[in-house]
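Structure record follows, encoded as structure tokens.
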């Protein structure tokens, strides 16, 4: 029998993971639109304005779907998670409205000016609108990450005698030490996904002998940016974000790595299957001592295993472990793909190597999977805490929402989101079918 807490968690997980498919591209693609706009302003080359306009159309469709799918999440805080809202609303009631301001006003306003203002405003104003699109998406992303970082590592608050949280320092929440590298890793992942989208669409055009000039520009930008971003996703952003976990959530670290027993000179598990009943990894492949080095910079450092902590404080081991290894495994593949692409670019064979273009095109969905897996690690690995060390997930749900209501509305969301997903693919497919178009005059 499904209990209410599980039903609420499934609904929020489904709606937030579907919604996040759109901010991934919004945050990443906005930056590349700003880069292309800057190149156009600096050089006057129409190739850059044509490319910026094409990607802005896809950005607009993506942004609209992101807004629509994000609205239910705001209501779920009140309907499904009312006790959590009452507990922490004094803190995230400051950051979430700011995200809305930047997303709806700064981002959408500049997007409209960028799409419809070309030829009607000066080149500098049009360029500034492209910068505004990127700044709005990046700033809105920061407020979301800062909110989540407070749940991972609560700071800047006081608690009254009744157990209610009150905001003590807005700047402490905004500058949470957990937030900086978590945001850098999140944005780097979004930028990497956007690079793969640009490369995948460019590869499609080259393979189908369409829009060759635009396609070559897109693939070249994707490979150069993708190599840089795939490397920085590993280090420093991924490494430093992991140090947050080491310092503030050691239970999550042990879960991610499938480390059941405390070990001095702990090995890094490349692969293996966690067996929680017998507290071991099945058929593991280890790198000796390397987990100790990654966590503490010392091959002989002691790393606490899950057995150190009460079992009721363990996160879901299998889900966290596999999501983490999917994320890391895909990240390694991304580095390999972009290294090959850079080699081909250096040898001037990039645009003629059809086998590589097929790889680049077919790889397009995988950065989305890696981004989603990373958030599964972050959120599932925090369990059983909703606000780490302060409020457990079971204590944050709404007491008056029945299981049947949560199940029914989840099925309703699934139907609506299926339609929205198909609409998104139809609209983006139409933009790709039309291809890049130069501005008349």
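The values are calculated or read from the model by the stated rules, or taken from the named source; none is laboratory data. Since we're looking at a predicted model, the values are computed, not measured. Here Cβ is always computed from backbone atoms with ideal geometry, including for glycine, and neighbour counts include all displayed protein chains.
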Return the pair list, or none, for Cβ contacts closer than 6 Å from residues in segment 419-434 that are free of Cβ contacts under 8 Å to residues at least 40 places away in the same chain and at positive phi to residues that are part of a helix (DSSP H, G or I) and surrounded by 10 or more Cβ atoms within 10 Å (Cβ to Cβ), at least 6 apart or on different chains.
none
With buried (at least 21 other Cβ atoms within 10 Å of the Cβ), in contact with a helix residue (DSSP H, G or I) (Cβ under 6 Å, 6 or more places away or on another chain) and either modelled with pLDDT of 90 or more or on the phi < 0 side of the Ramachandran plot (or both) as the only criterion, which of 130, 156 stands out?
130
What's the total number of residues in segment 340-361 that are loosely packed, with under 13 Cβ neighbours inside 10 Å and in contact (Cβ under 8 Å) with a residue 60 or more places away in the chain?
1
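Pick out the one residue from 103, 161 that is surrounded by 22 or more Cβ atoms within 10 Å (Cβ to Cβ) and either farther than 24 Å from residue 63 by Cβ or at pLDDT below 90 (or both).
103
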Looking at (1) modelled with pLDDT under 95; (2) more than 29 Å from residue 197 (Cα to Cα), which one does residue 306 not meet, given that it meets all the others?
(1)
In segment 64-181, which helices (runs of 4 or more DSSP H) lie fully inside it and hold 2 or more residues that are in contact (Cβ under 8 Å) with a residue 60 or more places away in the chain and within 29 Å of residue 376 (Cβ to Cβ)?
82-101, 123-152, 170-174
Output the residues belonging to segment 228-270 that are surrounded by fewer than 16 Cβ atoms within 10 Å (Cβ to Cβ), under 14 Å from residue 284 (Cβ atoms) and touching a helix residue (DSSP H, G or I) at 6+ places or on another chain (Cβ under 7 Å).
261
If I filter segment 386-403 for residues that are assigned to a loop (DSSP other than H, G, I, E, B), modelled with pLDDT of 95 or more, in contact with a helix residue (DSSP H, G or I) (Cβ under 7 Å, 6 or more places away or on another chain) and at negative phi, do I get at least one hit?
yes
